[in-house]
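The values are calculated or read from the model by the stated rules, or taken from the named source; none is laboratory data. In this text the structure is predicted, and so the values were computed from the model without any measurement. Here the Cβ positions follow ideal geometry from the backbone for every residue, glycine too, while neighbour counts run over all protein chains shown.
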Amino acid sequence: APEVWGRVVPKADVAVVDVAAADADNLAVTALSLADPLPLVDAPAAVTATVQNFGRSDKPGVRLELAVGKAAGGEAGLMPVEQRVLESVPAGQRVTVTFALDGAARFRDPGVHLVRVRLVEPDALPADDSRALAVPVRAGLSAVPYSTWGA
């Protein structure tokens with residue numbers, strides 16, 4: 001609102017910075033989730049990623065990469081697991097893709113793992129081209145027999 005600017009500008013140093021680089025096309029990985037909130041060692045899992053096109057034109061052939069590794073290794077310890085090609089991400093729209101962590105890609109030992117999905121070809125705004133999760137993986141779940149609850 002113009003009246004707000006009229007009150008703010010005399011009292012503050014104001015700088016306007018165009019961070020969008022004049023209508024830069026931008027794809028972003030906007031969401032990343034694990035299907036199972038309690039992943040277990042050697043159990044299949046699924047990772048869902050959402051890619052959004054903030055640009056004004058459709059983006060065909062967008063390649064995504066899923067990488068997984070132990071958290072102790074940081075980004076350097078991530079190993080690529082799978083790449084997917086999205087046929088198209090329409091302008092202003094989102095596309096969701098699910099990666100299966102199965103077979104050799106399963107979590108093989110307990111502990112904290114990193115799961116990352118990134119755009120293979122970065123764009124003009126690389127800060128939002130990837131998203132990662134820290135995932136605690138358990139060896140199993142303990143159960144206490146119901147008959148011992150009152151004991």
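Would you point out which residue out of R106, R118 is surrounded by 14 or more Cβ atoms within 10 Å (Cβ to Cβ), closer than 17 Å to L34 by Cα and at pLDDT 95 or above? Before you say what the answer is, go through the steps one by one.
On the way: R106 fails: at pLDDT 95 or above.
Sole residue among the options that is surrounded by 14 or more Cβ atoms within 10 Å (Cβ to Cβ), closer than 17 Å to L34 by Cα and at pLDDT 95 or above: R118.
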Conditions (1) at pLDDT below 95; (2) surrounded by 12 or more Cβ atoms within 10 Å (Cβ to Cβ); number of the one not met by V62: (1)
Any idea which of (1) touching a residue at least 12 places away in the same chain (Cβ under 8 Å); (2) under 18 Å from V51 (Cβ atoms) is the one H113 doesn't satisfy? (2)
